[in-house]
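The values are calculated or read from the model by the stated rules, or taken from the named source; none is laboratory data. Since the structure is predicted, the reported quantities are computational estimates derived from the model, not experimental observations. Don't worry about glycine lacking a Cβ; one is built from the backbone with ideal geometry, like all the others, and counts go over all protein chains shown. These area figures cover heavy atoms from the full protein model, side chains too; ligands, DNA and RNA do not enter into them. Shrake-Rupley method; radii C 1.70, N 1.55, O 1.52, S 1.80 Å.
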Amino acid sequence: MRVTITEIKEMKQKKEKIPMLTAYDYVTAKIVDEAGVPLILVGDSLGMVILGYETTIPVTMEEMLHHTKAVVRGARRALIVADMPFMTYHISVSEALRNAARFIQEGGAQAVKLEGGKIVAETVKRIVDCGIPVMAHIGVTPQSIYQLGGYKVQGKTPELAKILLKDARILGEAGAFSLVLECVPAPLARVITQAINIPTIGIGAGPDCDGQVQVISDILGLFTEFVPKHAKQYAKLASEMKTAVANYVAEVKSHTFPTMEHSFPMDESLLKSLETTPSPSKGED
Ligand code: KIV
């Protein structure tokens, strides 16, 4: 049975921490799911860590759907949240509803995530009213990176901290089942976590959030172009992969791979018959 939003909300009441990770493909989703992660995010961070874009802004609905479907096939137990890409929920509520529905109906996700505070509250409410669970996201909202002027910690002044707290309350009231807090000072994240009934999921928001989310490529040491301060590397897979590939190249070049261990044998008598059979002359079958 898949994890439900009720179970995720209950984890906050039971003070049970909620681990969340991103995944973007079948194999990774299967590993993450089997390792016991209850919430998987198909983040639009895939724009950077999978597709090689500079920001999340070029990511399209079709790209997100393609990856969401692969993750859904790989993860049997985790609840899967799909990120709504840039400008797919701002133009009109009806467009937002249509796009959110595609993630559930075509993509197979169980929830969607969208960025923004008060400005998206009505959209959140309407999506939830249609039966689609919504994860909200405030603090650093990478789709607004040009407006924010970079990936800077948000809510550092009393005025901005109050706005974030208010946004968190409004999104909870709009029906979001959880709230991502990205790059928010830890004490502010603690205050927000205590002030709202839905679980907060922090990324660069300190230890007091109800849950934590990380980009899988960051914690596995796969994406090395930029390692955010909030990410801890639990492995260094990029360098392990480079070593493995270099070993393969060296063995192919030196004729040490493949050996018969990685090849398919053939019956000796069949081989002999091939060697003695004259090749058919012209006109013969
Ligand atoms: O796209 C993503 O991976 C995210 C997380 C950083 C929360 O939105």
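Every condition in (1) in contact (Cβ under 8 Å) with a residue 24 or more places away in the chain; (2) in a helix (DSSP H, G or I) holds for Glu115 except the one numbered (2). Within the set Thr259, Thr200, Thr243, Thr224, the sole residue that is within 21 Å of the chain's Cα centre (by Cα), more than 16 Å from the ligand (Cβ to nearest atom) and of a type in the set (Val, Ile, Thr) turns out to be Thr224.
If you go through region 25-47 and keep only what is near the ligand (Cβ under 9 Å from one of its atoms) and touching a helix residue (DSSP H, G or I) at 6+ places or on another chain (Cβ under 6 Å), you end up with Val42, Leu46. Look at Val128 and say whether it is assigned to a loop (DSSP other than H, G, I, E, B) and touching a strand residue (DSSP E or B) at 6+ places or on another chain (Cβ under 8 Å). It is false that Val128 is assigned to a loop (DSSP other than H, G, I, E, B) and touching a strand residue (DSSP E or B) at 6+ places or on another chain (Cβ under 8 Å).
Would you confirm, using the coordinates I've provided, whether Lys156 is more than 22 Å from the chain's Cα centre (by Cα), away from the ligand (no atom under 16 Å from the Cβ) and part of a loop (DSSP other than H, G, I, E, B)? The answer is yes for Lys156. The residues in region 69-92 that are over 20 Å from Leu179 (Cα atoms) and not small (Gly, Ala, Ser) can be counted, and the count is 7.
Among the candidates Gln147, Gln143, the residue that is closer than 19 Å to Pro85 by Cβ, of a type in the set (S, T, N, Q) and either open to solvent by less than 20 Å² (accessible area, probe 1.4 Å) or touching a residue at least 40 places away in the same chain (Cβ under 8 Å) (or both) is uniquely Gln143.
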